[in-house]
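*Asks:* Provided herewith is a single structure, encoded as structure tokens, for subsequent inquiry.
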Amino acid sequence: MTETQQWTAEQIPDQTGRVCVVTGANSGLGLATARALARRGAHVVLAVRDETKGRRAAAEITAEHPGARLDVRLLDLADLDSVRAFAHRLRAEHPRLDVLVNNAGVMAPPRTLSAQGHELQFAANHLGHFALTGLLLDRLASGVEPRVVTVSSLKHRKGRLRFDDLHGERGYAPMPFYDQSKLANAVFGQELHRRLAAAGSPIRSVLAHPGYAATNLPAGTPVPLVRVLFGHVLKPLAQSPERGALPQLYAATAPGVEGGQFYGPGGPGEMRGGPALVRLAPGATDAGTGRRLWEVSEELTDVRYDVGVRAAE
């Protein structure tokens, strides 16, 4: 583990002129990420499922930083039609993007299907971000030192990709399918890195996880044990969203970050602490698994990547 423990959001380089998209930016890690980027001068697009909450978050940031450049845009990652509509509007508004932070997520709901019939956690946490990244790839390719940061979790190490039952038709349990979605994030980030590097693309695909941060994610689950354990019993041990967001902010902005790297807290158990290079589960780095997930994701989203495309100047 290579530690950068002393790094804080105060060390984020000047982001003036850069356009950054943060999914799930109305609360928790997403809000902390959007606030830190805006404070350093970035034009931040807050991609949110609830526009009222998004506008409230933007007002909170503006109250702290009156000069902040912010847009609030509707994005429901569990609905591929919403993902396409968001990408279409963003493409019309911005000829280039510099940073995409794939942060949003849902955790441990009862078995629920997305608008397209996919298991909700796999749909929102992975498929929506897979489609969004692909639809914005040419805009990112025209960015300045562009980066895609995909937020996974410590839980990816417990995950298993059920290629024969990705949507829980034969058997579903909330937390194992959450773990699956977080492993999918990690596998996607690594496979995207391999494809970008092979194509000589300027885009860097980087992964991050927050350790254990006090966010609203556990509160949204109807599973009592998860809600009580993570939302109450262990909450005093959690670090703040601002601290939890440091690995993804480091991945998004720090000089010297390379594609394929994975950043998490550098403290004991990677639960808290400053950003550090951490290890991926072996299953997340397997090229065969990456290709298989990629092919399945293309089929389920109908989004095909062309990593060699560069947006028109």
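The values are calculated or read from the model by the stated rules, or taken from the named source; none is laboratory data. Every value quoted in this text rests on a predicted model; they were computed, and no experiment measured them. Cβ placement follows ideal geometry from the backbone for every residue including glycine, while neighbour counts extend to all protein chains displayed.
A quick yes/no check of all residues on (1) in contact (Cβ under 8 Å) with a residue 12 or more places away in the chain; (2) more than 22 Å from Cys20 (Cα to Cα); (3) crowded, with 24+ Cβ neighbours inside 10 Å:
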| site | (1), (2), (3) |
| --- | --- |
| Gly143 | yes, no, no |
| Thr150 | yes, no, yes |
| Lys155 | yes, yes, no |
| Leu166 | yes, yes, no |
| Met175 | yes, yes, no |
| Ala184 | yes, yes, yes |
| Arg194 | yes, yes, no |
| Pro202 | yes, no, no |
| Ala214 | yes, yes, no |
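*Asks:* Now for a different question. Among the candidates Arg35, Arg84, Arg73, Arg49, which residue alone is under 18 Å from the mean Cα position of the chain (by Cα), among the charged types (D, E, K, R), modelled with pLDDT of 95 or more and surrounded by 21 or more Cβ atoms within 10 Å (Cβ to Cβ)?
*Replies:* Just one listed residue meets the conditions, Arg35.
*Asks:* Select, from Val106, Val101, the only residue that is part of a strand (DSSP E or B), in contact with a Gly (Cβ under 9 Å, 6 or more places away or on another chain) and within 16 Å of Leu29 (Cβ to Cβ).
*Replies:* Matching residue, one of Val106, Val101: Val101.
*Asks:* Right, something else. Could you check region 218-313 for helices (runs of 4 or more DSSP H) lying wholly inside it with 3 or more residues that are modelled with pLDDT under 95?
*Replies:* Qualifying helices (runs of 4 or more DSSP H): 224-228.
*Asks:* Scanning region 1-32 for residues that are crowded, with 24+ Cβ neighbours inside 10 Å and of a type in the set (Val, Ile, Thr), which turns out farthest from Arg84 (Cα to Cα)?
*Replies:* Result: Val19.
Residue-wise test of (1) of a type in the set (Asp, Glu); (2) over 29 Å from Glu270 (Cβ atoms); (3) at pLDDT 95 or above; (4) over 13 Å from the mean Cα position of the chain (by Cα).
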position	(1), (2), (3), (4)
His129	no, no, yes, no
Leu137	no, yes, yes, yes
Ser142	no, yes, yes, yes
Glu145	yes, no, yes, yes
Gly159	no, no, yes, yes
Asp165	yes, yes, yes, yes
Glu169	yes, yes, yes, yes
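*Asks:* Looking at region 93-108, is at least one residue touching a Ser or Thr at 6+ places or on another chain (Cβ under 6 Å), surrounded by fewer than 22 Cβ atoms within 10 Å (Cβ to Cβ) and not polar (S, T, N, Q)?
*Replies:* Yes, region 93-108 has at least one match.
*Asks:* Is it the case that some residue within region 144-159 is farther than 27 Å from Gly256 by Cα and in a helix (DSSP H, G or I)?
*Replies:* Yes, region 144-159 contains a residue that is farther than 27 Å from Gly256 by Cα and in a helix (DSSP H, G or I).
*Asks:* For region 78-105, enumerate the residues that are closer than 23 Å to Leu246 by Cβ and not small (Gly, Ala, Ser).
*Replies:* Leu97, Asp98, Val99, Leu100, Val101, Asn102, Asn103 - these are the residues of region 78-105 that are closer than 23 Å to Leu246 by Cβ and not small (Gly, Ala, Ser).
*Asks:* Given the conditions (1) surrounded by 17 or more Cβ atoms within 10 Å (Cβ to Cβ); (2) part of a loop (DSSP other than H, G, I, E, B), which single one is not true for Ala57?
*Replies:* Condition (2) is where Ala57 drops out.
*Asks:* While we're here: Could you tell me whether any residue of region 251-264 is within 15 Å of the chain's Cα centre (by Cα), of a type outside the set (Lys, Arg) and over 20 Å from Glu191 (Cα atoms)?
*Replies:* yes
*Asks:* Let me ask another. I'm checking my understanding of the structure. Among residues of region 109-123 that are more than 21 Å from Thr150 (Cα to Cα) and not hydroxyl-bearing (Ser, Thr, Tyr), which one is surrounded by the most Cβ atoms within 10 Å (Cβ to Cβ)?
*Replies:* Of everything passing the filter in region 109-123, Pro109 is surrounded by the most Cβ atoms within 10 Å (Cβ to Cβ).
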